[in-house]
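In what follows, a single structure is set out as structure tokens and then discussed.
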Amino acid sequence: MRDVYVIATSCTAFGKRPEDGFKDLAREAYLECLADAGWEDGAPIEQAWFGNCGMGTFGQRNIRGQVCFTPLVREGLFPERVPMINVEGGCATASMAFHGAWKDVASGDMEVALAIGVEKTFVPDDPARTLEIFEGGIDQLDPGDWHAYYRARGEEAGKPFEPNGGGGTVFMNTYAMQAAWHMRRHGTTREQIAVAASKSHGHGALNPKAQYRFEVSVEAALADREVSWPITRAMAAPVGDGAAAAILVSGDALARMPEAVRRRAVKVRASVLSGGKYRAADEPGLSRVAARKAYDRAGLGPADVDLLEVHDATSFCEIFQLEMLGFAEDGGGGPLVESGATALGGRLPVNLSGGLVSKGHPVGATGLSMIHELALQLRGEAGARQTERARIALAENGGGVIGFDEAACSVILLEAPETR
């Protein structure tokens with residue numbers, strides 16, 4: 001497998017953007033990515049991977065990427081006859097697009113590939129359509145399977161299964177049950193979850209692309225409207241729209257590019273996927289499997305990682321993923337977060353973008369927005385939220401739900417440009 005580099009990334013502002021359609025968001029992310037590479041058009045791109053979950057709800061069930069890029073092809077901004085592969089993997093969709101582009105280049109099949117994720121989840125005055133998008137992330141053919149599973153897990157957690165309780169999605173209830181189980185088993189506290197939420201909102205306040213750009217104190221996070229105990233609104237990702245993209249190239253292609261591009265190139269040390277299952281409550285999650293594979297392939301370990309972007313659909317997820325990814329023992333994620341280690345200036349900054357709870361979570365774009373943030377950090381271009389320790393970075397992105405697991409998980413390891 002050949003070395004692969006990320007030479008350009010982009011991320012639109014995340015938020016409720018009813019005035020912008022899928023084509024608008026795709027154009028914005030794509031053109032910003034071209035600009036980051038210093039290109040006027042995408043002529044060097046040989047293949048593209050387009051990630052999206054919800055366009056079917058808006059009537060476009062097939063050829064989603066081709067439809068969104070038709071105007072760009074017509075205007076000469078995207079090359080003609082270039083294949084585009086449509087990808088869907090729940091909230092891990094954009095990371096799957098990245099993985100596909102990475103494999104294109106790593107295998108030697110392509111020299112240059114594009115990954116892009118585009119999503120709209122906010123539908124004004126029609127919350128049922130928003131719910132339809134999210135409900136696609138769980139088994140709709142045999143719902144009795146997960147109803148039975150969650151009833152049993154709810155008894156173990158001391159928190160009954162309440163589908164869509166508190167006005168949220170079924171996913172918020174499942175995350176809340178996992179948090180309740182973790183609290184019962186390991187002594188994790190609501191205050192520790194609130195610390196994670198407050199920290200991430202503080203980071204998001206420094207991110208001009210974040211959906212929420214305000215600070216939230218620990219006390220305010222605890223006192224906010226309950227979504228599903230122990231999760232409050234401040235501890236949960238909002239509904240919103242956005243897009244993100246990345247251009248990946250081989251080492252040979254990079255060597256032929258201008259020095260200004262070479263000195264900003266971020267190396268992909270590993271890109272790994274794993275699949276979920278109905279697991280026991282005390283069985284490790286699928287991100288532990290993906291992380292171990294990624295560390296092995298990169299010849300790295302948790303001690304080598306300087307910063308992370310993790311899938312905090314709720315702030316409890318940060319605590320859990322720190323354990324699954326090897327940065328804390330099982331049960332040690334809460335104390336690690338409470339220590340301040342995961343905040344800007346701490347020894348292991350997590351979600352400097354603001355994470356899903358503050359930056360936002362347009363599901364089909366989320367994974368690539370993580371890559372964008374980490375690329376900024378590794379290049380030293382993150383502005384007010386720049387960390388001092390930025391050599392090796394990790395992105396963890398989960399999508400869909402199978403019991404207490406996600407249906408799919410991506411772990412990506414990136415390395416800073418050699419000039420840093």
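Would you check if there is a residue in segment 43-52 being in a helix (DSSP H, G or I), open to solvent by 40 Å² or more (accessible area, probe 1.4 Å), at pLDDT 95 or above and not polar (S, T, N, Q)? Scanning segment 43-52 turns up no residue that is in a helix (DSSP H, G or I), open to solvent by 40 Å² or more (accessible area, probe 1.4 Å), at pLDDT 95 or above and not polar (S, T, N, Q). The C-beta contact set for segment 14-25 (first residue in contact (Cβ under 8 Å) with a residue 24 or more places away in the chain and open to solvent by 30 Å² or more (accessible area, probe 1.4 Å), second residue of a type in the set (F, W, Y) and assigned to a helix (DSSP H, G or I), distance under 9 angstrom, 6+ apart or interchain) comprises K23/F69. For segment 93-112, the count of residues that are within 15 Å of the chain's Cα centre (by Cα) and hydroxyl-bearing (S, T, Y) is at least one.
Matching residues to (1) closer than 27 Å to H147 by Cβ; (2) more than 19 Å from the chain's Cα centre (by Cα); (3) assigned to a helix (DSSP H, G or I):
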| residue | (1), (2), (3) |
| --- | --- |
| R185 | yes, yes, yes |
| A196 | no, no, yes |
| V216 | no, yes, no |
| V249 | no, yes, no |
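Within segment 134-167, the residues that satisfy the criterion of being at positive phi and either surrounded by 14 or more Cβ atoms within 10 Å (Cβ to Cβ) or modelled with pLDDT of 95 or more (or both) are G158, N164, G166.
Residues are listed down the side, and each one gets a yes or a no for (1) modelled with pLDDT of 95 or more; (2) open to solvent by 50 Å² or more (accessible area, probe 1.4 Å); (3) under 30 Å from D104 (Cβ atoms):
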{"position": "V195", "(1), (2), (3)": "yes, no, no"}
{"position": "K199", "(1), (2), (3)": "yes, no, no"}
{"position": "H203", "(1), (2), (3)": "yes, no, no"}
{"position": "R233", "(1), (2), (3)": "yes, yes, no"}
{"position": "A253", "(1), (2), (3)": "yes, no, yes"}
{"position": "R256", "(1), (2), (3)": "yes, yes, yes"}
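Screening segment 248-266 for residues that are of a type in the set (K, R) and out of contact with any Leu (no Cβ under 7 Å at 6 or more places or on another chain) and picking the one that is farthest from N397 (Cα to Cα) gives R256.
The residues of segment 1-29 that are among the aromatic types (F, W, Y), more than 18 Å from the chain's Cα centre (by Cα) and more than 18 Å from R264 (Cβ to Cβ) amount to a single one, F22. Mind listing whichever residues of segment 301-320 are open to solvent by less than 10 Å² (accessible area, probe 1.4 Å) and among the aromatic types (F, W, Y)? Selection gives F316 alone. Taking segment 377-394 as the search range and keeping residues that are surrounded by fewer than 24 Cβ atoms within 10 Å (Cβ to Cβ), aliphatic (A, V, I, L, M) and in contact with a helix residue (DSSP H, G or I) (Cβ under 8 Å, 6 or more places away or on another chain), which one is modelled with the lowest pLDDT? Filtering segment 377-394 for residues that are surrounded by fewer than 24 Cβ atoms within 10 Å (Cβ to Cβ), aliphatic (A, V, I, L, M) and in contact with a helix residue (DSSP H, G or I) (Cβ under 8 Å, 6 or more places away or on another chain), the one modelled with the lowest pLDDT comes out as A390. Contact map, segment 321-340: residues that are more than 17 Å from D304 (Cβ to Cβ) and open to solvent by 30 Å² or more (accessible area, probe 1.4 Å) paired with residues that are part of a helix (DSSP H, G or I) and of a type outside the set (V, I, T), Cβ distance under 6 Å, separation 6+ or inter-chain. Pairs shown: D330/E323; E338/Q192. Here segment 73-110 is the region considered, the condition is being assigned to a loop (DSSP other than H, G, I, E, B) and aliphatic (A, V, I, L, M), and the residue that is surrounded by the most Cβ atoms within 10 Å (Cβ to Cβ) is A92.
Take the conditions open to solvent by 60 Å² or more (accessible area, probe 1.4 Å) and over 23 Å from the mean Cα position of the chain (by Cα) and apply them to E40. Does it pass? Criteria met by E40. Applying the condition of being open to solvent by less than 30 Å² (accessible area, probe 1.4 Å) and part of a strand (DSSP E or B) to segment 218-231 and asking which residue is modelled with the highest pLDDT yields I231. For segment 135-149, the candidate set comprises residues that are in contact (Cβ under 8 Å) with a residue 24 or more places away in the chain and either of a type in the set (S, T, N, Q) or not in a loop (DSSP other than H, G, I, E, B) (or both); within that set, the residue that is nearest to M172 (Cα to Cα) is E135.
Determine, yes or no, whether M1 is closer than 24 Å to I138 by Cβ and open to solvent by 30 Å² or more (accessible area, probe 1.4 Å). Here the answer is no, as M1 does not meet what is asked.
Restricted to segment 268-297, and to residues there that are surrounded by fewer than 18 Cβ atoms within 10 Å (Cβ to Cβ) and touching an Asp or Glu at 6+ places or on another chain (Cβ under 7 Å), the residue that is farthest from E155 (Cα to Cα) is K277. Being open to solvent by 20 Å² or more (accessible area, probe 1.4 Å), closer than 20 Å to L414 by Cα and touching a helix residue (DSSP H, G or I) at 6+ places or on another chain (Cβ under 6 Å), is that true of even one residue in segment 111-121? Yes, segment 111-121 has at least one match.
The values are calculated or read from the model by the stated rules, or taken from the named source; none is laboratory data. All figures in this text were calculated on a predicted structure; none of them were measured in a lab. Cβ sites come from the backbone with ideal geometry, for glycine too, and all protein chains shown count toward neighbours. Ligands, DNA and RNA are excluded from the accessible area calculation, which covers all protein heavy atoms including side chains. Shrake-Rupley method; radii C 1.70, N 1.55, O 1.52, S 1.80 Å.
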